[in-house]
Amino acid sequence: MTTDRDSVLLAAVGLLSRQPSASMDEIARAAGISRATLHRICPGRDTLLHEIATFALDRMTAALDSAAITEGDPVEAVRRLADAVIPEASVAAFLTGETRLFEDTAICEAWERMDARVAALFLRGQQSGSFRVELPAAWLSEAFFDLLAGVGWAVQEGRLAPRDSTFALTGLFLGGALRTDQHHSQYQNANQNQNQNQSQER
């Protein structure tokens, strides 16, 4: 039987985002394979972490590409971004929580490129008057990814329903990032949309 490498790496992401110190045996069990098979895919833990991080960043970058955040209204671009990256919340949780990745130059450079693209979105929003200018764009990007990771952990632990993830991320983030004079109208519309969606689900 052929082992699906991506499935193994995704299973490892799910486990390591919750248990960063999980052993190779535990990772193999989470992936439904033997330790020997895992070692054929990645011969050591450092190699495995690099492979998982590369896989995770590729998924995050693809989600970012799909959101087309350089286009249109910055606030709507943030909503598109949230829609695109929510399915990768566990990936973000892994990337945020695995401190050993900070020693991997290639991984850090890939993360910085992605972070810079999101920071540019928030800078564009500040320049257009959508986002608060007293909060640095680079910090807004960091805060967005940290909240995304938090959503990933909360869903995995059962504290947040997956269907509520996007609203939780955008609601909390935009509630702090939007300029005060835009806050009421933006969130009145968001709450109306959320209520309509919940009514349709019922």
>> What are the pairs with Cβ atoms under 7 angstrom where one residue, in the range 116-137, is within 12 Å of Ala77 (Cα to Cα) and assigned to a loop (DSSP other than H, G, I, E, B) and the other, located anywhere, is at pLDDT 95 or above and not aromatic (Phe, Trp, Tyr)? Sequence gap at least six, or different chains.
In response: Ser130/Pro74; Ser130/Val75
> Which ones in the range 153-179 are under 15 Å from the mean Cα position of the chain (by Cα) and at pLDDT below 90?
Replying inline: Trp153, Gln156
> Is it the case that the range 43-59 has a residue that's outside any helix (DSSP H, G or I), modelled with pLDDT under 90 and under 19 Å from Leu101 (Cβ atoms)?
Replying inline: yes
>> Considering only residues that are acidic (Asp, Glu) and crowded, with 16+ Cβ neighbours inside 10 Å, which ones fall in the range 10-55?
In response: Glu51
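Within the range 1-28, which residues are farther than 24 Å from Ala149 by Cα and out of contact with any Ser or Thr (no Cβ under 7 Å at 6 or more places or on another chain)? It would help to see each step written out before you state the result.
Our first condition is that a residue be farther than 24 Å from Ala149 by Cα; within the range 1-28, this holds for 1-4, 25.
Correct list: Met1, Thr2, Asp4, Asp25.
Looking only at the range 65-103, how many residues end up being charged (D, E, K, R), within 21 Å of Ala177 (Cα to Cα) and part of a helix (DSSP H, G or I)? Break it down into steps so the answer makes sense when it comes.
Looking only at the range 65-103, we keep the residues that are charged (D, E, K, R), and these are 65, 71, 73, 76, 79-80, 83, 88, 98, 100, 103.
Filter again for within 21 Å of Ala177 (Cα to Cα), leaving 71, 73, 76, 79-80, 83.
Next, from what is left, pick out any that are part of a helix (DSSP H, G or I): 76, 79-80, 83.
Within the range 65-103, residues that are charged (D, E, K, R), within 21 Å of Ala177 (Cα to Cα) and part of a helix (DSSP H, G or I) number 4.
The values are calculated or read from the model by the stated rules, or taken from the named source; none is laboratory data. The shown structure was predicted, so the numbers you read here are calculated from the model rather than taken from an experiment. Don't worry about glycine lacking a Cβ; one is built from the backbone with ideal geometry, like all the others, and counts go over all protein chains shown.
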